[in-house]
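Read through the structure below, which is laid out as structure tokens, and then see the notes.
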Amino acid sequence: MTETAPPTAPVVDLLCVGAGFSGLYAAYKAAEKGWTFAGFELAPDVGGTWFWNTYPGARCDVESIYYSYSFSQELLQEWTWSERFAPQAEILSYINHVADRFDLRRHFSFNTKVTSATWLPDERLWEVTLDSGETRRGRHLLAASGGLSTPKDFDVPGLENFTGTTVSTSRWNIPLSDLAGKRVAVIGTGSSAVQCIPLIAEVAEHLTVFQRTPNYVFPARNAPLSADYVDEIKRNYAAIREECRHSLGGIPDRIPDAAAFDVSDEERRERYERAYVRSGFNGVGGEFSDLLTDERANETAAEFVREKIRQIVHDPKTAAVLEPRFHPLGAKRSCFGTDYYETFNRPNVSVVSLRDEPIDTMTGDSIVTEGGSYEVDAIVLAIGFDAFTGPLFALNVSTPEAGRLQDAWSDGVRTYLGVMAAGFPNFFMIGGPQSPALASNVVVTIEQAVDWIADLIGHAKVVGADVIEPTAEAQDDWVKITEDTVNQTLYAVADSWYRGSNVAGKPATFLGYVGGVGKYRRMCTELAKRGYPGIELD
Ligand code: FAD
């Protein structure tokens, strides 16, 4: 779509930033409602996360039969996932299929970055500025800009000295064969690193993994989906997806029937063994009811995983470095890998603990830590994201009265339902901070958010209001609910990207609502039924 500069460009109902799962569903919804829509996407095409994260081994870790849209029964029936956890290329094909199937691409300008968004109180419109310098105006602004779309800066001095290959998992742009026969460093041991490390190890001459925080890594147990299984799922798809909508994490619940110390040591171990085979988010971490609320209970599961690591990894020193000891199991996102710990038995793989020897600097061909110097030809940065607020702050959202969003949130994030922010009228976040996105199958959260926002905008239209804004009191209540909810869990005790601890200077706010997608949906639906108390319409 070619955009023209104002004043000729029409004012649209919805301006939208991002063409991933969120932006595409928002475009679909707008078309369904008959609303005009102008979307902007930095990338040359649709896909969001699945456009950018093309590193070797990239795949979802929520099962594909749940990690996909549910809004169209036809779409559910016609698309067939090949594996339990589809690889990145397949997810990207799926998103492209959805864009074509529902003719959504035409609503977006690609290769277009939104550099600022300003509320014009007199016109009661948002004006976005694009990197071309053009501006566009619209009644509502949707941030579908993603939670994990701004790669974290690498803040170690000396990276600029390094003369070898540097590649980031979130902007991967080389064939794996470029690393063949090379001495490779992977920096980071989060989900992306866990997925790519075994594959890089297979081609590298030597792979050194630089680890700051050891994570709990479970075997993904990925496998092709049989035709019979797919048929069975498709027969029950509508009911399965309805169950996901009302669940805790956006996948069918597996409600634990006991607390960890309700059973004997022997039974607990047997149950962990079975859960370890089952794997997934309902695996070991979901086996007992109190694993995310009681540190002693959690320690039994954590120690079970450490024992597994000691069994798998032959060298005791390496195993000790890999054993997660710095946070309770599940309090940071667990990782799922294929042959992850086994990879450390290869003679060409070693691990360096950055807790014991932090990186000092880099030279043309080495990473220099406080403990030694490691010669490498290539560095893979798997260092994560400036989660949630990174992409939102980069939008430079501002109103004359409230200033910029980053200033309004300088002491921490404050939202209403993770969807709106007081002082920022007609501004909506899809899968935003303090929504259930962080601890859920994100597509479930996205669909619920878009549906709810569309209902709210529709309601405002019906009552003849142009401006939608939550009250400061309603926002305070929501912030308190998110804090009270998280404080009942062990999420509260872990330093992680969940609370911004991975980015220097980021105020510590827990970035999600962890009460469950089902409970959240019920609250949102109830608020809509009651005519949206907490939101002022004008
Ligand atoms: P995104 O997919 O991040 O899309 C946002 C888009 O906005 C991007 O394309 C970006 O380029 C664009 N954008 C941002 N700012 C601007 C701007 N200023 N101007 C123009 N365009 C802009 N979640 C799960 O639930 N299950 C999983 O298994 C899972 N696996 C993941 C694996 C990886 C490697 C990563 C990084 C994330 C994973 N996630 C997973 C989270 C994932 O981000 C969400 O599931 C989902 O893809 C988010 O969709 P979105 O459309 O909201 O955001």
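The values are calculated or read from the model by the stated rules, or taken from the named source; none is laboratory data. Being a predicted model, the structure only gives us computed values, none of them experimental. When we count neighbours, we look across all protein chains shown, and the Cβ atoms used for this are built from the backbone with ideal geometry, even at glycine. Heads up: the accessible areas ignore ligands, DNA and RNA and are worked out on the full protein's heavy atoms, side chains in. Shrake-Rupley method; radii C 1.70, N 1.55, O 1.52, S 1.80 Å.
Output the residues belonging to the stretch 34-81 that are part of a strand (DSSP E or B) and within 22 Å of Gly138 (Cβ to Cβ).
The answer is Phe37, Ala38, Gly39, Phe40.
Kindly list the number of the only condition in (1) farther than 30 Å from Asp360 by Cα; (2) within 16 Å of the ligand (Cβ to nearest atom); (3) touching an Asp or Glu at 6+ places or on another chain (Cβ under 6 Å) that fails for Ala220.
Answer for Ala220: the failing condition is (3).
In the stretch 82-110, what count of residues is obtained for those that are of a type outside the set (Ser, Thr, Tyr) and either in a helix (DSSP H, G or I) or within 30 Å of Gly423 (Cα to Cα) (or both)?
17
Run Gly372 past the list (1) without any contact (Cβ under 8 Å) to a residue 40 or more places away in the chain; (2) open to solvent by less than 50 Å² (accessible area, probe 1.4 Å); (3) touching a helix residue (DSSP H, G or I) at 6+ places or on another chain (Cβ under 8 Å) and report the number of the one that doesn't hold.
Among (1) without any contact (Cβ under 8 Å) to a residue 40 or more places away in the chain; (2) open to solvent by less than 50 Å² (accessible area, probe 1.4 Å); (3) touching a helix residue (DSSP H, G or I) at 6+ places or on another chain (Cβ under 8 Å), the lone unmet condition for Gly372 is (3).
Suppose we filter Val263, Val230 for residues that are touching a Lys or Arg at 6+ places or on another chain (Cβ under 8 Å), surrounded by fewer than 20 Cβ atoms within 10 Å (Cβ to Cβ) and modelled with pLDDT of 95 or more; which single one remains?
Val263
Can you pull out every residue in the stretch 139-157 that is open to solvent by 20 Å² or more (accessible area, probe 1.4 Å), within 12 Å of the ligand (Cβ to nearest atom) and of a type outside the set (A, V, I, L, M, F, W, C)?
Ser145, Gly146, Ser149, Thr150, Pro151, Lys152
For the stretch 241-252, enumerate the residues that are within 16 Å of the ligand (Cβ to nearest atom) and outside any helix (DSSP H, G or I).
Within the stretch 241-252, Ser247, Leu248, Gly249, Gly250, Ile251, Pro252 meet the criteria.
Name the residues in the stretch 383-398 that are aliphatic (A, V, I, L, M) and either in a strand (DSSP E or B) or touching a helix residue (DSSP H, G or I) at 6+ places or on another chain (Cβ under 9 Å) (or both), would you? Full working, then the answer.
As a first pass, look at the stretch 383-398 and keep what is aliphatic (A, V, I, L, M): 383, 387, 392, 394-395, 397.
Residues satisfying the conditions are Ile383, Ala387, Leu392, Leu395, Val397.
Just to check your reading of the model, which residue among Gly418, Gly423 is at pLDDT 95 or above, assigned to a loop (DSSP other than H, G, I, E, B) and within 14 Å of the ligand (Cβ to nearest atom)?
Gly418
Which of the residues spanning the stretch 36-52 are within 7 Å of the ligand (Cβ to nearest atom) and either open to solvent by 10 Å² or more (accessible area, probe 1.4 Å) or farther than 30 Å from Pro219 by Cα (or both)?
The answer is Phe40, Glu41, Leu42, Ala43, Gly48, Thr49, Trp50, Phe51, Trp52.
(1) among the hydroxyl-bearing types (Ser, Thr, Tyr); (2) surrounded by fewer than 16 Cβ atoms within 10 Å (Cβ to Cβ); (3) within 16 Å of the ligand (Cβ to nearest atom): which one isn't true of Thr169, the others all being true?
Every condition holds for Thr169 apart from (2).
Please enumerate the residues belonging to the stretch 53-78 that are away from the ligand (no atom under 12 Å from the Cβ) and free of Cβ contacts under 8 Å to residues at least 60 places away in the same chain.
Selection gives Ser72, Glu74, Leu75, Glu78.
Kindly list, by first and then second residue, each pair from a residue in the stretch 313-331 that is closer than 18 Å to Val209 by Cα and assigned to a helix (DSSP H, G or I) to a residue that is charged (D, E, K, R) and open to solvent by 20 Å² or more (accessible area, probe 1.4 Å), limited to pairs with Cβ atoms under 6 Å and residues at least 6 apart or on different chains.
Listed pairs, sorted by first residue: Ala319/Arg310.
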